[in-house]
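Participant: Mind having a look at this structure? Questions to follow.
The values are calculated or read from the model by the stated rules, or taken from the named source; none is laboratory data. Please read these numbers as outputs of a predicted model, since none were measured by experiment. Ideal geometry is used to build each Cβ from the backbone, glycine not excepted, and the neighbour counts take in all protein chains shown.
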Amino acid sequence: MEVPEWFVEPSLFRRLGARLLDGLVLAPVVFAGLLFDQPMRIVLVTLVQAVYEITFVARDGQTLGKKWLGLQVVDRDTGEVPTLNQAALRFAVPEISTVAQLTSPDLGGLVLLVVFLPILKGPLHRGLHDHAAGTVVTACRT
C-alpha cells in the first residue's frame, strides 16, 4: 500500500491518548446515564457519542481529543476532511461491539479487539473502522 505524501504517522500513544481524552469529555454523559436502566443508558450514551464523534469528524476531522493531541481523521484518497457518511460509518463499525455485548459481554470485547488490532500494522495503521470508511488518522503537520 502506497503511503500518501501528506501522511504523517501518528504514534500509538497519541491515538490512545486522544481516545482517553474523548472519554473524559464524554464522562459526564456516562455518569448521567447511570440514572437510567441499562437499555436506556446504552441508547442515551451511544447517541451522544455518535453526535459527538460524527459531528466533529465530519466538520474538521478532529474530535476534541484528536485536536488537543494534534491528530486528524482524513479521507484516505484525498487527505481531505471525511464526509458525513464516512464519519458515520467510521463511528458505526466499532459500535457493533455494543450490540454484541448485549448478547454476550465477552463477544463485545472480542469485536473491539478485531476492529482496533489492525491499527498496530503499518504503514497507515488503519483499524477496520478506517478501512470501512476509507479514512486514515494522520498527525497534523506543524
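Participant: Out of L12, L44, I need the residue that is exposed (fewer than 15 other Cβ atoms within 10 Å of the Cβ) and among the aliphatic types (A, V, I, L, M). Which one?
Facilitator: On the way: L44 fails: exposed (fewer than 15 other Cβ atoms within 10 Å of the Cβ).
Residue meeting the stated conditions: L12.
Participant: So is S104 crowded, with 18+ Cβ neighbours inside 10 Å, farther than 21 Å from R14 by Cβ and small (G, A, S) or not? Reasoning before the result, please.
Facilitator: Working: crowded, with 18+ Cβ neighbours inside 10 Å: no; farther than 21 Å from R14 by Cβ: yes; small (G, A, S): yes.
No.
Participant: Checking the structure you have, find out if any residue of region 53-70 is of a type in the set (S, T, Y), under 23 Å from A132 (Cα atoms) and within 13 Å of the chain's Cα centre (by Cα).
Facilitator: Among the residues of region 53-70, at least one is of a type in the set (S, T, Y), under 23 Å from A132 (Cα atoms) and within 13 Å of the chain's Cα centre (by Cα), which makes the answer yes.
Participant: A further question on this structure: Filter region 89-123 down to the residues that are without any contact (Cβ under 8 Å) to a residue 12 or more places away in the chain and not in a helix (DSSP H, G or I) and list them by number.
Facilitator: S104, K121
Participant: Filter region 124-142 for residues that are farther than 13 Å from W6 by Cα, among the hydrophobic types (A, V, I, L, M, F, W, C) and modelled with pLDDT of 95 or more; which is surrounded by the most Cβ atoms within 10 Å (Cβ to Cβ)?
Facilitator: Across region 124-142, the extreme among qualifying residues is A133.
Participant: Any residue that is farther than 20 Å from L117 by Cα and touching a strand residue (DSSP E or B) at 6+ places or on another chain (Cβ under 6 Å) - is there at least one of those in region 20-32?
Facilitator: So far as region 20-32 goes, no, none of its residues is farther than 20 Å from L117 by Cα and touching a strand residue (DSSP E or B) at 6+ places or on another chain (Cβ under 6 Å).
Participant: If you don't mind, another one. Being charged (D, E, K, R), touching a residue at least 40 places away in the same chain (Cβ under 8 Å) and out of contact with any Leu (no Cβ under 7 Å at 6 or more places or on another chain) is the filter here; which residues of region 19-44 pass it?
Facilitator: Matches in region 19-44: R19 only.
Participant: Checking the condition at pLDDT 95 or above and either of a type in the set (G, A, S) or in a helix (DSSP H, G or I) (or both), which residue from Q86, Q62, Q72 passes? Can you show your working first?
Facilitator: On the way: Q62 fails: either of a type in the set (G, A, S) or in a helix (DSSP H, G or I) (or both); Q72 fails: either of a type in the set (G, A, S) or in a helix (DSSP H, G or I) (or both).
Residue meeting the stated conditions: Q86.
Participant: Now for a different question. From the list L16, L47, pick out the single residue that is free of Cβ contacts under 8 Å to residues at least 12 places away in the same chain, outside any loop (DSSP other than H, G, I, E, B) and closer than 21 Å to K121 by Cβ. Explain how you work it out, then say what you get.
Facilitator: On the way: L47 fails: closer than 21 Å to K121 by Cβ.
L16 is the lone residue from the list that is free of Cβ contacts under 8 Å to residues at least 12 places away in the same chain, outside any loop (DSSP other than H, G, I, E, B) and closer than 21 Å to K121 by Cβ.
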